[in-house]
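The next block holds one structure in the form of C-alpha coordinates; read it before the comments.
The values are calculated or read from the model by the stated rules, or taken from the named source; none is laboratory data. Nothing here was measured: the structure is a model prediction, and the numbers come from that model. Cβ atoms come from the backbone with ideal geometry, glycine included; neighbour counts cover every protein chain shown.
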(Lines give C-alpha, C1' and ligand atoms only; values in the text may rest on other atoms or scores of the structure.)
Protein backbone atom coordinates (compact mmCIF):
# COMPACT_ATOMS: atom_id res chain seq x y z
CA UNK A 1 0.00 0.00 0.00
CA UNK A 2 2.65 2.49 1.07
CA UNK A 3 5.02 1.27 -1.64
CA UNK A 4 2.40 1.70 -4.36
CA UNK A 5 1.52 5.13 -3.06
CA UNK A 6 5.21 6.01 -3.08
CA UNK A 7 5.60 4.79 -6.66
CA UNK A 8 2.66 6.81 -7.90
CA UNK A 9 3.73 9.94 -6.08
CA UNK A 10 7.33 9.60 -7.30
CA UNK A 11 6.20 9.26 -10.90
CA UNK A 12 3.90 12.26 -10.61
CA UNK A 13 6.52 14.36 -8.83
CA UNK A 14 9.10 13.40 -11.46
CA UNK A 15 6.91 14.47 -14.34
CA UNK A 16 5.93 17.72 -12.67
CA UNK A 17 9.57 18.41 -11.78
CA UNK A 18 10.84 17.94 -15.34
CA UNK A 19 7.97 19.89 -16.90
CA UNK A 20 8.32 22.79 -14.48
CA UNK A 21 12.13 22.91 -14.68
CA UNK A 22 12.14 23.01 -18.44
CA UNK A 23 8.92 24.84 -19.08
CA UNK A 24 8.88 27.55 -16.45
CA UNK A 25 11.62 29.57 -18.17
CA UNK A 26 9.53 30.18 -21.26
CA UNK A 27 6.27 30.73 -19.36
CA UNK A 28 5.03 34.26 -19.80
CA UNK A 29 1.82 36.13 -20.27
CA UNK A 30 2.37 36.42 -24.02
CA UNK A 31 2.70 32.64 -24.16
CA UNK A 32 -0.85 32.32 -22.93
CA UNK A 33 -2.61 35.17 -24.69
CA UNK A 34 -0.84 35.43 -28.06
CA UNK A 35 -0.99 33.25 -31.12
CA UNK A 36 2.30 31.99 -32.59
CA UNK A 37 4.50 34.27 -34.62
CA UNK A 38 6.85 32.84 -37.17
CA UNK A 39 4.57 30.18 -38.47
CA UNK A 40 3.95 26.66 -37.37
CA UNK A 41 5.49 27.19 -33.93
CA UNK A 42 8.97 27.30 -35.33
CA UNK A 43 9.46 30.92 -34.33
CA UNK A 44 10.48 31.77 -30.82
CA UNK A 45 7.99 34.61 -30.53
CA UNK A 46 4.32 34.79 -29.70
CA UNK A 47 2.36 32.30 -27.67
CA UNK A 48 0.23 29.22 -27.90
CA UNK A 49 -3.18 30.75 -27.26
CA UNK A 50 -4.46 29.00 -30.38
CA UNK A 51 -3.57 25.60 -28.90
CA UNK A 52 -4.95 26.42 -25.45
CA UNK A 53 -8.28 27.63 -26.80
CA UNK A 54 -8.32 24.82 -29.36
CA UNK A 55 -7.75 22.14 -26.74
CA UNK A 56 -10.48 23.59 -24.53
CA UNK A 57 -12.91 23.71 -27.45
CA UNK A 58 -12.08 20.14 -28.41
CA UNK A 59 -12.14 18.67 -24.92
CA UNK A 60 -15.24 20.47 -23.67
CA UNK A 61 -17.10 19.93 -26.94
CA UNK A 62 -16.30 16.24 -26.94
CA UNK A 63 -17.09 15.90 -23.22
CA UNK A 64 -20.47 17.52 -23.74
CA UNK A 65 -21.32 15.25 -26.66
CA UNK A 66 -20.06 12.21 -24.78
CA UNK A 67 -22.17 12.96 -21.71
CA UNK A 68 -25.25 13.35 -23.89
CA UNK A 69 -24.62 9.92 -25.39
CA UNK A 70 -23.08 8.06 -22.45
CA UNK A 71 -25.69 8.72 -19.78
CA UNK A 72 -28.63 7.22 -21.68
CA UNK A 73 -26.47 4.32 -22.88
CA UNK A 74 -25.15 3.60 -19.38
CA UNK A 75 -28.70 3.54 -18.04
CA UNK A 76 -29.90 1.44 -20.93
CA UNK A 77 -27.30 -1.19 -20.00
CA UNK A 78 -28.92 -1.72 -16.61
CA UNK A 79 -31.02 -4.80 -16.21
CA UNK A 80 -34.29 -2.92 -15.94
CA UNK A 81 -33.88 -2.01 -19.57
CA UNK A 82 -31.93 -4.78 -21.22
CA UNK A 83 -31.03 -8.44 -20.95
CA UNK A 84 -27.91 -9.74 -19.26
CA UNK A 85 -26.61 -11.03 -22.54
CA UNK A 86 -26.96 -7.79 -24.48
CA UNK A 87 -25.41 -5.82 -21.62
CA UNK A 88 -22.44 -8.17 -21.43
CA UNK A 89 -21.90 -7.98 -25.17
CA UNK A 90 -21.91 -4.19 -25.00
CA UNK A 91 -19.43 -4.31 -22.13
CA UNK A 92 -17.09 -6.51 -24.13
CA UNK A 93 -17.33 -4.26 -27.18
CA UNK A 94 -16.72 -1.15 -25.09
CA UNK A 95 -13.74 -2.71 -23.34
CA UNK A 96 -12.18 -3.50 -26.70
CA UNK A 97 -12.81 0.05 -27.88
CA UNK A 98 -11.28 1.34 -24.65
CA UNK A 99 -8.10 -0.56 -25.40
CA UNK A 100 -7.87 0.67 -28.98
CA UNK A 101 -4.86 2.95 -29.62
CA UNK A 102 -5.99 6.48 -30.26
CA UNK A 103 -4.12 6.67 -33.58
CA UNK A 104 -6.59 4.08 -34.85
CA UNK A 105 -9.45 6.40 -33.97
CA UNK A 106 -7.60 9.17 -35.77
CA UNK A 107 -7.02 7.09 -38.90
CA UNK A 108 -10.60 5.87 -38.86
CA UNK A 109 -11.93 9.41 -38.48
CA UNK A 110 -9.68 10.56 -41.27
CA UNK A 111 -10.94 7.90 -43.67
CA UNK A 112 -14.55 8.75 -42.88
CA UNK A 113 -13.90 12.45 -43.33
CA UNK A 114 -12.24 11.90 -46.70
CA UNK A 115 -15.21 9.82 -47.73
CA UNK A 116 -17.54 12.70 -46.98
CA UNK A 117 -15.16 15.20 -48.49
CA UNK A 118 -14.57 17.06 -45.22
CA UNK A 119 -11.41 18.96 -44.33
CA UNK A 120 -9.85 18.50 -40.96
CA UNK A 121 -11.76 20.78 -38.63
CA UNK A 122 -12.85 21.49 -35.09
CA UNK A 123 -16.02 19.49 -35.75
CA UNK A 124 -14.05 16.49 -37.00
CA UNK A 125 -11.76 16.65 -33.98
CA UNK A 126 -14.68 16.85 -31.57
CA UNK A 127 -16.40 13.87 -33.17
CA UNK A 128 -13.31 11.67 -33.12
CA UNK A 129 -12.48 12.69 -29.56
CA UNK A 130 -16.05 11.84 -28.62
CA UNK A 131 -15.58 8.37 -30.09
CA UNK A 132 -12.41 8.03 -28.06
CA UNK A 133 -14.07 9.19 -24.84
CA UNK A 134 -17.31 7.23 -25.17
CA UNK A 135 -16.07 3.78 -24.10
CA UNK A 136 -14.34 5.23 -21.04
CA UNK A 137 -17.31 7.31 -20.03
CA UNK A 138 -19.98 4.69 -20.66
CA UNK A 139 -18.10 1.91 -18.87
CA UNK A 140 -17.24 4.01 -15.84
CA UNK A 141 -20.76 5.43 -15.58
CA UNK A 142 -22.30 2.04 -16.04
CA UNK A 143 -20.18 0.58 -13.24
CA UNK A 144 -21.26 3.20 -10.72
CA UNK A 145 -24.89 3.03 -11.79
CA UNK A 146 -24.78 -0.73 -11.31
CA UNK A 147 -23.53 -0.16 -7.76
CA UNK A 148 -26.74 1.61 -6.74
CA UNK A 149 -28.35 -0.83 -4.30
CA UNK A 150 -31.42 -2.72 -5.45
CA UNK A 151 -33.10 -1.85 -2.16
CA UNK A 152 -32.97 1.83 -3.01
CA UNK A 153 -34.65 1.16 -6.33
CA UNK A 154 -37.22 -1.03 -4.58
CA UNK A 155 -38.07 1.85 -2.28
CA UNK A 156 -38.56 4.15 -5.20
CA UNK A 157 -40.65 1.67 -7.17
CA UNK A 158 -42.74 0.91 -4.11
CA UNK A 159 -43.91 4.53 -4.15
CA UNK A 160 -45.46 3.88 -7.54
CA UNK A 161 -42.79 5.38 -9.77
CA UNK A 162 -42.07 4.34 -13.33
CA UNK A 163 -38.68 3.09 -14.46
CA UNK A 164 -37.82 6.46 -15.96
CA UNK A 165 -38.80 8.36 -12.82
CA UNK A 166 -36.75 6.05 -10.64
CA UNK A 167 -33.81 6.25 -13.02
CA UNK A 168 -33.76 10.02 -13.24
CA UNK A 169 -34.77 11.09 -9.74
CA UNK A 170 -33.21 8.38 -7.62
CA UNK A 171 -30.58 6.31 -9.40
CA UNK A 172 -28.93 9.23 -11.18
CA UNK A 173 -28.75 11.27 -7.98
CA UNK A 174 -27.28 8.40 -6.04
CA UNK A 175 -24.72 7.71 -8.77
CA UNK A 176 -23.90 11.38 -9.41
CA UNK A 177 -20.46 11.53 -7.75
CA UNK A 178 -19.39 8.48 -9.75
CA UNK A 179 -20.84 9.93 -12.93
CA UNK A 180 -18.77 13.07 -12.39
CA UNK A 181 -15.66 10.95 -11.90
CA UNK A 182 -16.43 9.13 -15.14
CA UNK A 183 -16.68 12.43 -17.00
CA UNK A 184 -13.41 13.57 -15.47
CA UNK A 185 -11.66 10.36 -16.48
CA UNK A 186 -12.80 10.69 -20.07
CA UNK A 187 -12.01 14.40 -20.13
CA UNK A 188 -8.46 13.69 -18.99
CA UNK A 189 -7.94 11.20 -21.77
CA UNK A 190 -9.55 13.49 -24.33
CA UNK A 191 -7.64 16.67 -23.58
CA UNK A 192 -4.30 14.88 -23.45
CA UNK A 193 -4.69 12.87 -26.61
CA UNK A 194 -2.66 13.84 -29.66
CA UNK A 195 -2.89 10.95 -32.08
CA UNK A 196 -6.64 10.92 -32.64
CA UNK A 197 -6.77 14.60 -33.60
CA UNK A 198 -3.53 14.59 -35.58
CA UNK A 199 -5.37 14.12 -38.87
CA UNK A 200 -8.87 15.07 -37.93
CA UNK A 201 -8.55 18.44 -36.20
CA UNK A 202 -5.77 19.72 -38.41
CA UNK A 203 -3.40 22.46 -37.52
CA UNK A 204 -3.42 26.20 -37.58
CA UNK A 205 -1.78 29.24 -36.08
CA UNK A 206 -5.13 30.86 -35.46
CA UNK A 207 -8.05 30.45 -33.16
CA UNK A 208 -10.93 28.79 -35.06
CA UNK A 209 -13.94 30.95 -35.84
CA UNK A 210 -16.33 28.18 -36.80
CA UNK A 211 -16.81 24.46 -36.36
CA UNK A 212 -15.42 23.85 -39.81
CA UNK A 213 -12.13 25.67 -39.30
CA UNK A 214 -9.05 23.64 -38.45
CA UNK A 215 -7.99 23.88 -34.84
CA UNK A 216 -4.73 23.65 -32.92
CA UNK A 217 -4.33 21.73 -29.68
CA UNK A 218 -1.90 21.54 -26.79
CA UNK A 219 -0.82 17.89 -27.22
CA UNK A 220 0.04 18.53 -30.86
CA UNK A 221 1.78 21.79 -29.97
CA UNK A 222 3.94 19.80 -27.58
CA UNK A 223 4.55 17.16 -30.21
CA UNK A 224 5.57 19.55 -32.98
CA UNK A 225 7.63 21.84 -30.80
CA UNK A 226 9.59 19.12 -29.08
CA UNK A 227 10.36 17.60 -32.47
CA UNK A 228 12.20 20.73 -33.64
CA UNK A 229 15.98 20.98 -33.39
CA UNK A 230 15.81 24.47 -31.83
CA UNK A 231 16.38 24.33 -28.04
CA UNK A 232 14.27 27.44 -27.30
CA UNK A 233 11.33 25.94 -29.14
CA UNK A 234 11.78 22.66 -27.30
CA UNK A 235 11.53 24.54 -24.02
CA UNK A 236 8.28 26.02 -25.25
CA UNK A 237 6.97 22.48 -25.65
CA UNK A 238 7.47 21.98 -21.93
CA UNK A 239 5.67 25.23 -21.26
CA UNK A 240 2.73 23.93 -23.27
CA UNK A 241 2.86 20.72 -21.22
CA UNK A 242 2.87 22.79 -18.06
CA UNK A 243 -0.23 24.66 -19.17
CA UNK A 244 -1.91 21.37 -20.09
CA UNK A 245 -1.10 19.96 -16.65
CA UNK A 246 -2.52 23.09 -15.08
CA UNK A 247 -5.79 22.77 -17.04
CA UNK A 248 -6.13 19.13 -16.03
CA UNK A 249 -5.49 20.08 -12.40
CA UNK A 250 -8.06 22.85 -12.56
CA UNK A 251 -10.73 20.60 -14.07
CA UNK A 252 -9.92 18.01 -11.41
CA UNK A 253 -10.42 20.47 -8.62
CA UNK A 254 -13.67 21.80 -10.03
CA UNK A 255 -15.09 18.32 -10.54
CA UNK A 256 -14.03 17.30 -7.06
CA UNK A 257 -15.95 20.22 -5.65
CA UNK A 258 -18.96 19.26 -7.76
CA UNK A 259 -18.62 15.63 -6.67
CA UNK A 260 -18.38 16.63 -3.04
CA UNK A 261 -21.45 18.83 -3.32
CA UNK A 262 -23.48 16.14 -5.03
CA UNK A 263 -22.44 13.49 -2.51
CA UNK A 264 -24.02 15.46 0.32
CA UNK A 265 -27.33 13.73 -0.15
CA UNK A 266 -26.31 10.29 -1.29
CA UNK A 267 -26.96 7.24 0.80
CA UNK A 268 -24.03 5.16 1.90
CA UNK B 1 -61.54 -0.72 1.32
CA UNK B 2 -58.83 -3.05 0.31
CA UNK B 3 -59.33 -6.65 0.86
CA UNK B 4 -56.39 -8.88 0.13
CA UNK B 5 -56.74 -12.51 -0.60
CA UNK B 6 -54.08 -14.94 -1.72
CA UNK B 7 -55.16 -17.94 -3.76
CA UNK B 8 -52.92 -20.94 -4.29
CA UNK B 9 -49.88 -18.75 -4.50
CA UNK B 10 -46.72 -20.61 -5.48
CA UNK B 11 -43.47 -18.75 -6.04
CA UNK B 12 -40.24 -20.20 -7.38
CA UNK B 13 -36.80 -18.71 -7.92
CA UNK B 14 -35.40 -20.56 -10.88
CA UNK B 15 -36.31 -24.16 -10.13
CA UNK B 16 -36.44 -23.70 -6.37
CA UNK B 17 -39.88 -23.33 -4.87
CA UNK B 18 -39.88 -20.77 -2.10
CA UNK B 19 -43.57 -20.67 -1.38
CA UNK B 20 -46.03 -23.51 -1.90
CA UNK B 21 -49.72 -23.15 -2.40
CA UNK B 22 -50.46 -20.32 -0.03
CA UNK B 23 -54.11 -19.40 0.37
CA UNK B 24 -55.23 -16.90 2.97
CA UNK B 25 -57.59 -13.95 3.36
CA UNK B 26 -55.95 -11.00 5.03
CA UNK B 27 -58.23 -8.98 7.31
CA UNK B 28 -58.43 -5.20 6.96
CA UNK B 29 -57.38 -2.55 9.45
CA UNK B 30 -55.31 -4.79 11.63
CA UNK B 31 -51.68 -5.52 12.15
CA UNK B 32 -50.95 -8.81 10.49
CA UNK B 33 -47.71 -10.54 11.40
CA UNK B 34 -46.12 -12.96 8.97
CA UNK B 35 -44.16 -15.11 11.34
CA UNK B 36 -41.64 -17.84 10.76
CA UNK B 37 -37.98 -18.79 10.92
CA UNK B 38 -35.38 -17.28 8.61
CA UNK B 39 -35.52 -18.41 5.01
CA UNK B 40 -39.08 -19.64 5.08
CA UNK B 41 -40.30 -17.26 2.40
CA UNK B 42 -41.73 -14.46 4.53
CA UNK B 43 -40.09 -11.64 2.60
CA UNK B 44 -40.95 -13.24 -0.71
CA UNK B 45 -44.59 -13.45 0.32
CA UNK B 46 -44.55 -9.81 1.38
CA UNK B 47 -42.88 -8.56 -1.79
CA UNK B 48 -45.29 -10.52 -3.93
CA UNK B 49 -48.10 -8.31 -2.66
CA UNK B 50 -46.93 -5.16 -4.41
CA UNK B 51 -45.08 -6.91 -7.22
CA UNK B 52 -41.65 -5.88 -6.04
CA UNK B 53 -40.67 -9.42 -6.93
CA UNK B 54 -40.85 -8.33 -10.55
CA UNK B 55 -37.48 -6.65 -10.06
CA UNK B 56 -35.80 -9.95 -9.34
CA UNK B 57 -34.73 -12.23 -12.10
CA UNK B 58 -36.01 -15.72 -12.68
CA UNK B 59 -39.07 -15.46 -10.48
CA UNK B 60 -42.03 -17.62 -11.38
CA UNK B 61 -45.38 -16.94 -9.82
CA UNK B 62 -48.43 -19.14 -9.98
CA UNK B 63 -51.81 -18.61 -8.42
CA UNK B 64 -53.10 -15.14 -7.80
CA UNK B 65 -53.44 -12.32 -5.33
CA UNK B 66 -56.67 -10.40 -5.28
CA UNK B 67 -56.71 -6.88 -3.97
CA UNK B 68 -60.13 -5.25 -4.07
CA UNK B 69 -61.23 -8.15 -6.22
CA UNK B 70 -58.63 -7.53 -8.92
CA UNK B 71 -55.85 -9.98 -9.64
CA UNK B 72 -52.66 -7.97 -9.30
CA UNK B 73 -50.78 -10.46 -11.48
CA UNK B 74 -53.19 -9.96 -14.32
CA UNK B 75 -51.36 -8.87 -17.44
CA UNK B 76 -53.44 -5.71 -17.57
CA UNK B 77 -53.06 -4.83 -13.92
CA UNK B 78 -51.87 -1.29 -13.24
CA UNK B 79 -48.66 -1.85 -11.29
CA UNK B 80 -48.14 1.82 -10.50
CA UNK B 81 -51.59 2.17 -8.99
CA UNK B 82 -51.05 -1.06 -7.07
CA UNK B 83 -47.79 0.13 -5.60
CA UNK B 84 -49.35 3.45 -4.69
CA UNK B 85 -52.06 1.58 -2.84
CA UNK B 86 -49.68 -0.87 -1.17
CA UNK B 87 -46.75 0.87 0.52
CA UNK B 88 -43.52 -0.81 1.51
CA UNK B 89 -40.93 -0.52 4.27
CA UNK B 90 -37.67 -2.34 3.80
CA UNK B 91 -35.58 -4.13 6.39
CA UNK B 92 -32.77 -1.62 6.27
CA UNK B 93 -34.23 1.82 5.75
CA UNK B 94 -32.90 3.62 2.71
CA UNK B 95 -33.55 7.33 2.50
CA UNK B 96 -33.79 8.59 -1.04
CA UNK B 97 -30.68 10.59 -1.97
CA UNK B 98 -32.25 13.97 -1.26
CA UNK B 99 -33.34 16.16 1.64
CA UNK B 100 -35.74 15.08 4.38
CA UNK B 101 -38.42 17.34 2.93
CA UNK B 102 -37.96 16.00 -0.59
CA UNK B 103 -38.09 12.43 0.68
CA UNK B 104 -41.67 13.02 1.80
CA UNK B 105 -42.65 15.23 -1.12
CA UNK B 106 -41.20 12.77 -3.65
CA UNK B 107 -44.24 10.49 -3.86
CA UNK B 108 -46.89 13.22 -4.04
CA UNK B 109 -44.84 15.04 -6.68
CA UNK B 110 -44.39 11.90 -8.77
CA UNK B 111 -48.12 11.34 -8.70
CA UNK B 112 -48.57 14.88 -9.97
CA UNK B 113 -50.46 15.95 -6.93
CA UNK B 114 -50.56 19.66 -7.33
CA UNK B 115 -52.80 22.49 -6.25
CA UNK B 116 -56.29 21.05 -6.23
CA UNK B 117 -55.33 17.50 -5.45
CA UNK B 118 -53.06 18.44 -2.62
CA UNK B 119 -55.82 20.62 -1.22
CA UNK B 120 -58.26 17.74 -1.40
CA UNK B 121 -55.85 15.44 0.37
CA UNK B 122 -55.35 18.10 3.01
CA UNK B 123 -59.09 18.40 3.55
CA UNK B 124 -59.28 14.66 4.02
CA UNK B 125 -56.38 14.78 6.41
CA UNK B 126 -57.99 17.55 8.41
CA UNK B 127 -61.07 15.42 8.81
CA UNK B 128 -58.99 12.49 9.95
CA UNK B 129 -56.89 14.60 12.24
CA UNK B 130 -59.16 14.00 15.17
CA UNK B 131 -59.03 10.26 14.58
CA UNK B 132 -55.33 10.15 15.16
CA UNK B 133 -55.27 11.72 18.56
CA UNK B 134 -51.53 11.60 18.95
CA UNK B 135 -50.83 15.00 17.69
CA UNK B 136 -52.61 17.48 19.67
CA UNK B 137 -51.11 20.81 18.87
CA UNK B 138 -50.95 20.18 15.14
CA UNK B 139 -53.14 22.79 13.65
CA UNK B 140 -51.14 24.64 11.06
CA UNK B 141 -53.02 27.00 8.87
CA UNK B 142 -52.48 26.34 5.21
CA UNK B 143 -51.42 29.75 4.08
CA UNK B 144 -52.75 29.60 0.55
CA UNK B 145 -50.82 32.65 -0.55
CA UNK B 146 -47.45 31.13 0.12
CA UNK B 147 -45.79 29.10 -2.58
CA UNK B 148 -45.58 25.40 -1.76
CA UNK B 149 -47.55 25.89 1.43
CA UNK B 150 -49.74 22.89 0.57
CA UNK B 151 -46.71 20.68 0.21
CA UNK B 152 -45.20 22.08 3.41
CA UNK B 153 -48.40 21.09 5.18
CA UNK B 154 -48.34 17.59 3.73
CA UNK B 155 -44.72 17.08 4.70
CA UNK B 156 -45.36 18.22 8.25
CA UNK B 157 -48.49 16.10 8.52
CA UNK B 158 -46.80 12.88 7.46
CA UNK B 159 -43.69 13.51 9.50
CA UNK B 160 -45.93 13.94 12.54
CA UNK B 161 -47.86 10.83 11.59
CA UNK B 162 -44.62 8.87 11.60
CA UNK B 163 -43.58 10.45 14.90
CA UNK B 164 -40.54 12.18 13.45
CA UNK B 165 -41.55 15.82 13.14
CA UNK B 166 -40.15 17.14 16.41
CA UNK B 167 -36.74 15.63 15.72
CA UNK B 168 -36.32 17.00 12.21
CA UNK B 169 -38.37 20.19 12.00
CA UNK B 170 -35.26 22.36 12.14
CA UNK B 171 -33.36 20.55 9.40
CA UNK B 172 -35.97 19.65 6.85
CA UNK B 173 -33.70 20.61 4.00
CA UNK B 174 -30.69 18.75 5.30
CA UNK B 175 -29.72 15.41 3.77
CA UNK B 176 -31.88 12.52 4.88
CA UNK B 177 -28.85 10.25 4.88
CA UNK B 178 -27.56 12.01 7.99
CA UNK B 179 -30.45 10.81 10.14
CA UNK B 180 -29.92 7.91 12.49
CA UNK B 181 -31.11 4.52 11.30
CA UNK B 182 -34.09 4.66 13.62
CA UNK B 183 -35.08 8.06 12.30
CA UNK B 184 -34.55 6.85 8.75
CA UNK B 185 -37.04 4.06 9.30
CA UNK B 186 -39.67 6.51 10.53
CA UNK B 187 -38.83 8.73 7.57
CA UNK B 188 -39.44 5.72 5.34
CA UNK B 189 -42.80 5.26 7.06
CA UNK B 190 -43.73 8.91 6.49
CA UNK B 191 -42.60 8.67 2.88
CA UNK B 192 -44.71 5.58 2.30
CA UNK B 193 -47.73 7.18 3.99
CA UNK B 194 -47.45 10.31 1.87
CA UNK B 195 -48.75 8.57 -1.24
CA UNK B 196 -51.87 7.62 0.75
CA UNK B 197 -51.64 3.84 0.64
CA UNK B 198 -54.28 1.58 2.12
CA UNK B 199 -51.90 -1.20 2.99
CA UNK B 200 -48.39 -1.01 4.42
CA UNK B 201 -46.00 -3.88 3.96
CA UNK B 202 -43.10 -3.89 6.39
CA UNK B 203 -40.19 -6.28 6.04
CA UNK B 204 -38.67 -6.78 9.50
CA UNK B 205 -38.87 -3.03 9.96
CA UNK B 206 -37.17 -2.99 13.34
CA UNK B 207 -34.41 -5.52 12.83
CA UNK B 208 -31.79 -2.88 11.98
CA UNK B 209 -32.89 -0.56 14.78
CA UNK B 210 -31.88 -0.05 18.38
CA UNK B 211 -34.51 -1.02 20.99
CA UNK B 212 -35.69 2.55 21.58
CA UNK B 213 -36.20 3.28 17.89
CA UNK B 214 -37.82 -0.10 17.41
CA UNK B 215 -40.28 0.73 20.12
CA UNK B 216 -41.09 4.05 18.48
CA UNK B 217 -41.80 2.35 15.17
CA UNK B 218 -44.01 -0.22 16.87
CA UNK B 219 -45.87 2.55 18.62
CA UNK B 220 -46.56 4.29 15.31
CA UNK B 221 -47.82 1.04 13.83
CA UNK B 222 -50.29 0.55 16.64
CA UNK B 223 -51.48 4.08 16.14
CA UNK B 224 -51.89 3.66 12.40
CA UNK B 225 -53.81 0.43 12.38
CA UNK B 226 -57.12 2.22 12.72
CA UNK B 227 -56.68 3.60 9.23
CA UNK B 228 -54.32 1.20 7.46
CA UNK B 229 -53.83 -2.51 7.03
CA UNK B 230 -50.30 -3.21 8.19
CA UNK B 231 -48.56 -6.42 7.26
CA UNK B 232 -45.34 -6.98 9.17
CA UNK B 233 -42.81 -9.67 8.50
CA UNK B 234 -40.98 -10.70 11.62
CA UNK B 235 -39.06 -13.60 13.04
CA UNK B 236 -39.23 -12.16 16.52
CA UNK B 237 -41.90 -14.01 18.41
CA UNK B 238 -42.19 -11.39 21.12
CA UNK B 239 -42.67 -8.64 18.57
CA UNK B 240 -45.49 -10.59 16.97
CA UNK B 241 -47.08 -11.00 20.40
CA UNK B 242 -46.78 -7.29 21.11
CA UNK B 243 -48.04 -6.08 17.77
CA UNK B 244 -50.16 -8.53 15.91
CA UNK B 245 -53.91 -8.80 15.71
CA UNK B 246 -53.64 -11.62 13.23
CA UNK B 247 -50.81 -14.05 12.60
CA UNK B 248 -49.75 -15.98 9.53
CA UNK B 249 -47.21 -18.69 10.31
CA UNK B 250 -44.92 -19.95 7.54
CA UNK B 251 -42.52 -22.82 7.81
CA UNK B 252 -40.28 -24.06 4.98
CA UNK B 253 -42.34 -22.30 2.36
CA UNK B 254 -45.65 -23.64 3.54
CA UNK B 255 -48.50 -21.90 5.25
CA UNK B 256 -48.86 -23.84 8.48
CA UNK B 257 -51.42 -21.88 10.40
CA UNK B 258 -53.13 -18.55 10.45
CA UNK B 259 -55.67 -16.89 12.70
CA UNK B 260 -56.31 -14.13 15.22
CA UNK B 261 -53.29 -13.52 17.40
CA UNK B 262 -55.02 -14.42 20.62
CA UNK B 263 -56.00 -17.93 19.64
CA UNK B 264 -52.81 -18.41 17.62
CA UNK B 265 -50.63 -17.87 20.65
CA UNK B 266 -52.86 -19.43 23.28
CA UNK B 267 -54.02 -22.53 21.46
CA UNK B 268 -52.04 -23.29 18.32
CA UNK B 269 -53.40 -26.22 16.37
CA UNK B 270 -50.43 -27.51 14.42
CA UNK B 271 -47.58 -29.17 16.27
CA UNK B 272 -45.00 -27.18 14.28
CA UNK B 273 -46.64 -23.98 15.46
CA UNK B 274 -46.56 -25.27 19.02
CA UNK B 275 -42.90 -26.16 18.63
CA UNK B 276 -42.13 -22.71 17.24
CA UNK B 277 -44.00 -20.85 19.95
CA UNK B 278 -42.43 -22.90 22.69
CA UNK B 279 -39.01 -22.24 21.20
CA UNK B 280 -38.14 -25.78 20.16
CA UNK B 281 -37.60 -24.69 16.57
CA UNK B 282 -36.57 -21.27 15.46
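Quick notes on this one:
- For the stretch A:244-263, a residue qualifies if it is within 14 Å of chain B (Cβ to nearest Cβ) and surrounded by 15 or more Cβ atoms within 10 Å (Cβ to Cβ), and the qualifying residues are A:259, A:262, A:263.
- Scanning the stretch B:24-67 for residues that are away from chain A (no Cβ under 11 Å) and in contact with a helix residue (DSSP H, G or I) (Cβ under 6 Å, 6 or more places away or on another chain) gives B:31, B:33, B:34, B:35, B:36, B:59.
- For residue A:126, the criteria (1) more than 20 Å from residue A:56 (Cβ to Cβ); (2) buried (at least 21 other Cβ atoms within 10 Å of the Cβ) hold in every case but one, which is (1).
- Residue in the stretch B:211-222 that is exposed (fewer than 14 other Cβ atoms within 10 Å of the Cβ) and not in a helix (DSSP H, G or I) present: no
- In the set (1) surrounded by 21 or more Cβ atoms within 10 Å (Cβ to Cβ); (2) within 28 Å of residue A:149 (Cα to Cα); (3) in contact (Cβ under 8 Å) with a residue 60 or more places away in the chain, the condition left unmet by residue B:111 is number (1).
- Applying the condition of being assigned to a loop (DSSP other than H, G, I, E, B) and within 18 Å of the chain's Cα centre (by Cα) to the stretch B:39-80 and asking which residue is farthest from residue B:252 (Cα to Cα) yields B:68.
- Residue within the stretch A:135-144 that is over 24 Å from residue A:61 (Cβ atoms), part of a helix (DSSP H, G or I) and more than 14 Å from every other protein chain (Cβ to nearest Cβ) present: yes
- Residue check for residue A:132: in a helix (DSSP H, G or I), more than 7 Å from chain B (Cβ to nearest Cβ), over 21 Å from residue A:258 (Cα atoms) and in contact with a helix residue (DSSP H, G or I) (Cβ under 8 Å, 6 or more places away or on another chain): yes
- Qualifying residue in the stretch B:206-228 (condition: within 23 Å of residue B:23 (Cα to Cα), more than 14 Å from chain A (Cβ to nearest Cβ) and modelled with pLDDT of 90 or more): no
- Listed by position, the helices (runs of 4 or more DSSP H) inside the stretch A:146-206 whose residues that are away from chain B (no Cβ under 11 Å) number at least 2 are A:172-192, A:195-200.
- Residues satisfying the stated conditions in the stretch B:29-82, i.e. over 26 Å from residue B:110 (Cα atoms), at pLDDT below 85 and touching a strand residue (DSSP E or B) at 6+ places or on another chain (Cβ under 8 Å): B:58
- Residue check for residue A:60: more than 14 Å from residue A:142 (Cβ to Cβ), within 14 Å of chain B (Cβ to nearest Cβ) and modelled with pLDDT of 90 or more: no
- The stretch B:261-280: number of residues that are part of a helix (DSSP H, G or I) and buried (at least 16 other Cβ atoms within 10 Å of the Cβ): 7
- Scan of the stretch B:1-28 for residues that are in a loop (DSSP other than H, G, I, E, B) and surrounded by 16 or more Cβ atoms within 10 Å (Cβ to Cβ), ordered by number: B:2
- Test: residue in the stretch A:70-85 that is more than 25 Å from residue A:169 (Cα to Cα), at pLDDT below 95 and in a helix (DSSP H, G or I): yes
- You will find that of B:92, B:112, B:83, the residue that is assigned to a loop (DSSP other than H, G, I, E, B) and either away from every other protein chain (no Cβ under 14 Å) or under 20 Å from residue B:198 (Cβ atoms) (or both) is B:112 and no other.
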